[in-house]
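The values are calculated or read from the model by the stated rules, or taken from the named source; none is laboratory data. All figures in this text were calculated on a predicted structure; none of them were measured in a lab. Cβ placement follows ideal geometry from the backbone for every residue including glycine, while neighbour counts extend to all protein chains displayed. Accessible surface is based on the protein model in full, side chains and every heavy atom, while ligands, DNA and RNA are left aside. Shrake-Rupley method; radii C 1.70, N 1.55, O 1.52, S 1.80 Å.
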Amino acid sequence: MLQTQFLLALRTLRKNRVYAAINIFGLAVGVAACLLLFRLVHYELSFDTFHRNYDRIVRVVSYNFNPSAGESFGAGMPLPATDVLQTTVPQFAAFARIHQTWPTITVPDAPGSMLGKKFSTDEDHEMGIFVEPSFFKIFDFQWLAGDAESALGQPNSVVMRESMAKKCFGSWQAAVGKTVVMDNLLTLVVRGVVADLPPNSDLPFHVMIAYETVKSYPDFYNYHPGWGSTSSNDMAFALLNSADQFAAAEAVVGTVGQKEYGTNGKRGNTRVHHLQRLADAHFDDRFESIGITQTSKSRLAVLSAIGLLILIMACFNFINLATAQAAGRAREVGVRKTLGSSRGQLIRQFMSETTIIVLTSVALGSGLAALLASQLKRISDVPDSVPFLTDPMVLGFLGLTTLVVSVVSGAYPALVLASFNPVRALKNDLSARAIGGVSLRKALVVLQFVIAQALIVGTIVVINQMEFIRKKDLGFQPALVYDVFGISSDSSSLARLETFKRKLLEIPAIEMVSFASDVPSSGNNWSSNFALGRGGEDSPTNTELKFVDADYFKTYGLRFVAGHGMAPSDTMREAVVNQTMLRKLGISNPEEALTKEIRLGSGKWMPVVGVVEDFHAHSVHKTIESLLITTRKEYFSTAGIKIRPEKMDVTVASIQKAFEATFPEQVFTGKFLDESIAEFYKDEQRFSAMCKGFAGLAILISCLGLFGLATHMARQRTKEIGVRKVLGASVSSITGLLARDFIKLVVIAIVIASPLGWWAMQKWLEDFEYRIDIQWWMFVLAGSAAILVAFLTVSFQSIKAALVNPVKSLKSE
């Protein structure tokens with residue numbers, strides 16, 4: 001029986017090749033898109049879930065509120081607060097502090113030497129941490145050699161990840177017991193090796209140093225054990241006794257530091273510590289990421305919705321074409337019923353046809369997805385090493401998709417066909433309502449184009465926002481500035497900065513060189529409390545900080561609205577502030593600031609010698625904050641090099657040669673500033689690429705449906721077209737007549753989709769502090785594109801039908 005139904009289904013599909021091809025191709029594209037998006041979303045949702053105690057791991061974070069500046073969030077912890085947390089929260093089964101660093105590791109040629117093979121962790125998005133042994137009671141690491149207590153229980157000990165040990169020593173076995181030098185400062189003994197974590201981990205720690213070690217060099221590693229000092233590099237993690245103790249533990253954590261932060265309360269500030277579940281850390285961009293990447297659940301929801309909508313559009317095509325062709329199969333149904341076929345048998349027959357199409361589509365879609373999987377890295381961080389079609393979750397998703405699509409796409413057409421009255425079916429006397437209804441098909445076409453139109457609007461908005469960012473005046477000139485990062489700030493390296501600068505300026509294409517703690521626009525966020533004007537209280541808000549030399553302003557093209565830059569100095573003697581600081585303090589005249597002095601924390605008073613025009617110290621996702629710029633040579637770690645646009649590859653090679661000659665014990669790392677800034681918007685660029693791709697797919701699937709319906713309509717109206725041609729109708733008038741109904745449906749879809757698209761993209765733009773306004777022309781452009789594509793799709797079949805010899809048309813049955 002099943003074999004008979006299968007053979008009949010194949011024969012029917014072979015007879016209706018165009019119908020079958022459109023459905024198979026449309027469903028295959030929908031399945032491939034849905035499968036790729038499922039891979040991406042599943043990967044992002046799987047971060048760190050491999051830890052056995054995943055649901056019990058938390059991070060301590062901070063919430064700050066100031067009446068003037070609003071709310072802010074941070075994952076950094078004052079070190080005394082971590083001491084209190086370690087002893088006062090009974091719900092913690094384990095507690096560990098870490099201090100993040102991005103070290104240079106040297107494998108010395110000889111004992112006591114600073115020369116040898118060098119590796120920069122920052123180069124490969126790796127990281128180092130000073131860590132307590134209890135960290136390994138919270139997170140799961142497989143120990144290949146050593147254990148937490150013995151390896152990290154004493155200072156100057158280091159544990160390496162397997163890949164880092166192989167990089168340094170050729171094999172992890174050879175690493176144990178060997179000596180390395182970190183940052184040309186610390187001599188460390190490798191006392192343990194742990195296996196690499198899976199790629200879906202937010203713990204990119206390849207070098208783990210005993211926590212006590214950082215206390216020996218507090219200034220070099222910015223380790224400041226005071227309540228008034230907070231660094232995002234200092235984080236605290238805990239393991240709850242049980243997951244349901246989260247609220248109780250957070251209540252205790254919220255009381256920590258309230259007495260010590262009380263002085264802030266006098267200025268209206270409030271600061272409260274909270275707990276953040278590990279399950280939320282990868283998705284909550286209010287707080288610093290533990291590792292390299294973060295994504296938002298709202299973006300994953302959008303991607304999931306897009307994949308589902310693409311698949312639904314393909315299902316709509318199937319339903320539309322199946323019901324449209326129902327009239328052509330009316331006599332077949334009538335004959336089958338007359339010969340004794342039951343309604344159930346007919347439903348099974350038509351569902352078997354659907355199942356064949358769906359299985360073929362799923363197979364083709366899976367193959368297409370497998371071919372395109374390697375291209376997924378252009379729009380996501382999913383590595384090629386992650387299993388795809390062999391992943392049980394993916395296979396389960398494919399099975400569920402096959403079942404759901406078969407039922408959704410085939411049930412309604414099967415029920416319609418099986419319900420035909422045999423007498424009327426044999427007479428070919430069925431109403432439009434009986435064969436599924438023209439109104440249903442129109443509704444499905446409208447829904448398809450609503451989805452496609454909304455995606456087109458979204459794509460236009462995203463493209464324009466990214467163009468706005470690209471062209472936005474950032475307040476400085478990033479072009480043709482090459483930055484060398486990670487210059488060691490030990491006394492020996494600092495003494496050689498002028499030698500390095502002299503060698504750079506000897507290169508013909510280099511115009512200017514500046515040393516600083518940071519480039520103008522970065523993800524760094526050094527801040528401090530401050531007071532402007534002797535005798536006054538500290539400002540209610542903190543200021544961000546940059547430590548630079550006297551050539552910084554010219555190198556990066558910063559613009560002054562009053563005064564000038566600082567005089568050359570190794571220490572903090574003069575200061576430059578930005579316009580935002582003055583605005584927050586109620587100073588409208590920049591010249592007035594030049595008569596005042598400023599103090600950071602409890603430091604010395606410095607005269608304000610300049611007011612710089614506001615520039616974006618971060619991405620345009622964030623608003624411009626108060627900024628103080630001063631000199632402090634011990635913090636210099638970056639060289640900004642202004643070059644001329646000639647033989648840039650040769651110039652960069654010369655810069656590297658000068659660096660390696662001056663700092664042979666360090667690793668060269670450099671990048672053009674505009675490339676660094678572009679990384680801020682990597683996610684948006686990927687989102688833009690996805691919008692373009694899926695908007696194109698949505699239009700393609702919609703047009704496949706239109707093409708199929710137009711083909712069916714042309715066949716149904718063959719005699720009418722012949723009569724009109726005999727009576728003198730032109731090809732253009734017949735084409736317009738046949739296309740008119742479909743264009744009306746597209747226009748209705750545009751009217752429905754426009755407000756939906758506006759609302760969705762307005763929500764997306766809210767993530768940017770500086771953004772475009774959604775303009776009316778965007779909707780006109782999107783609508784015009786949809787109408788044009790729909791018209792061309794329908795016109796192809798309409799013109800083909802109109803060109804047929806009317807004699808043949810009138811003879812047609």
Discussion item. Going by average Cβ density within 10 Å per residue, which order do the peptides 619-627, 89-97 take, highest to lowest?
Written reply: 89-97, 619-627
Practice prompt. Distance check, please: which entries in Lys117/Lys682; Lys471/Lys642; Lys118/Lys604; Lys472/Lys744 exceed 29 angstrom between their Cα atoms?
Written response: Lys117/Lys682; Lys118/Lys604; Lys472/Lys744
Response to the item:
For the pair Thr293 and Gln154, the simple spin-label estimate (label points 7 Å beyond Cα toward Cβ) gives in nm 4.0 nm
Discussion item. Starting from 0.36 nm per residue, how many nanometres of slack lie between Val723 and Asp83 once their C-alpha separation is accounted for?
Written reply: 221.2 nm
Discussion item. Below 13 angstrom from the Cβ of Pro155, what's the summed charge of the other residues (Lys, Arg +1; Asp, Glu -1)?
Written reply: 0
Worksheet, complete the sentence: Checking rank on 574-586, 758-770, with mean other Cβ inside 10 Å and highest first, the result is 574-586, 758-770
Practice prompt. Can you tell me which of 682-690, 644-652 comes out highest on packing, and rank the rest after it, using the mean Cβ neighbours within 10 Å?
Written response: 682-690, 644-652
Worksheet item: Using the beta-carbon distance between Asp219 and Trp758 and R0 = 56 Å, what value does 1/(1 + (r/R0)^6) give for FRET efficiency, to the nearest 0.05?
Response: 0.60
Worksheet entry | Which listed pairs, of Lys671/Lys692; Lys503/Lys554; Lys178/Lys657; Lys297/Lys763, have C-alpha distances above 21 Å, in listed order | Lys671/Lys692; Lys178/Lys657
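Provide the per residue accessible area, probe 1.4 Å, for region 125-166, rounded to a whole number of square angstrom.
35 Å²
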Worksheet item: Residue separation times 0.36 nm, minus the C-alpha to C-alpha distance between Val751 and Glu766: what's the value?
Response: 3.0 nm
Worksheet entry | HN-Hα J in Hz across region 81-95 - Karplus 6.51, -1.76, 1.60, θ = phi - 60°, x for Gly and Pro | 5, 5, 5, 5, 4, 4, 10, 10, 10, x, 7, 8, 7, 8, 9
Item to complete: With a 1.4 Å probe and every protein chain kept in, tell me what percent of the accessible surface of region 491-590 is carbon plus sulfur.
Response: 48 percent
Response to the item:
A chain fully extended from Lys554 to Leu308 at 0.36 nm per residue, minus the present Cα-Cα distance, gains in nm 83.3 nm
Worksheet item: Would you list His206, His224 from the most to the least accessible area, probe 1.4 Å?
Response: His224, His206
